[in-house]
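Here the structure is laid out as structure tokens; the discussion comes afterwards.
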Amino acid sequence: MQHLMNELDGAQRYKLLSSLVVPRPISFVTTVNAAGLVNAAPYSFFNVFSEDPPLVVIGIGRRSDGTLKDTALNIEANGEFVVNLVDEGIATAMNVAATDFPPDQSEIDPAGLSLTASSLVAPPRLAEAPAALECRNHTTLIVATDRRLVVGEVLAVHTRPGLIDPANLRLDLDAYRPVGRLFANLYCRTRDTFELVRMSYADWLRRNGER
């Protein structure tokens, strides 16, 4: 079956693409406005993009009434944000923060979260998050009237004690337990994993009996 994008409206494209491209990591973004109010909002159109320079990219749409979301407004105003990563422990709080609270109300208290100061940017990070990426806006691409791609340069990474081995930077996945976004109201855990070892071409030739 073929689905041509030019034959689908925006809602249909979103439904199809967000259902197929799964699971997606979740960026729980904290920003701060001119009055010092902290906004916290989750976005699953998100991923790491590059390590040199260290970049992440977040797709941010508009509200249903066509206005910019607080996250986009705050990043546009001061160019800083924190990507807090989501594990099982804060998944429910993340979902509460997805509520369309008015711009003059922070999501932090309703979600039962607390804040801790960042090192290099003004927006604080979530104390309960397993990891947080302090970011400076690198580039914002306005790809449509209702969609912008925010590319953030990662300035600092904070991790919960015991999550990363300081000697070799290896991750303890059992200590992390990240959550992924599927579609609609569905999410997934990452406890069921399997390993596939990548081979070199020489190894592949040997395995297949070639010299």
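Values in this text are rule-based calculations from the coordinates and carry no lab data. Keep in mind the model is a prediction, meaning the values are calculated, not measured. So basically every Cβ, Gly included, is an ideal-geometry build from the backbone, and we count neighbours across all protein chains shown.
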Cβ-derived FRET efficiency at R0 41 Å, residue 199 paired with residue 127, nearest 0.05
0.45
Net lengthening on full extension, residue 147/residue 208 (0.36 nm per residue, minus Cα-Cα):
17.2 nm
What per residue convex hull volume, in Å³, do the alpha-carbon atoms of the stretch 99-211 yield?
247 Å³
Given Cβ point charges of +1 (Lys, Arg) and -1 (Asp, Glu) and nothing else, what value in debye, to the nearest 20, does the dipole of the chain about its Cα centre take?
600 debye
Once you put a point 7 Å from the Cα of residue 37 and another 7 Å from the Cα of residue 155, both along the Cβ direction, what distance in nm separates them?
2.4 nm
Return the whole-Å distance between the Cα centroid of the stretch 164-190 and the Cα centroid of the stretch 47-78.
22 Å
Assign unit charges at the C-beta atoms only (+1 for Lys and Arg, -1 for Asp and Glu), then state the dipole size of the stretch 68-137 relative to its Cα centre in Debye, rounded to the nearest 20.
180 debye
To the nearest 0.05, the calculated FRET efficiency linking residue 174 and residue 16 through their beta-carbon distance, R0 being 35 Å, is 0.55
Could you tell me, in Å, what Rg and Dmax come out for the Cα atoms of the chain?
19.2, 69
Using packing as a proxy for protection, rank 74-86, 10-22 so that the peptide with the highest average count of other Cβ atoms within 10 Å comes first.
74-86, 10-22
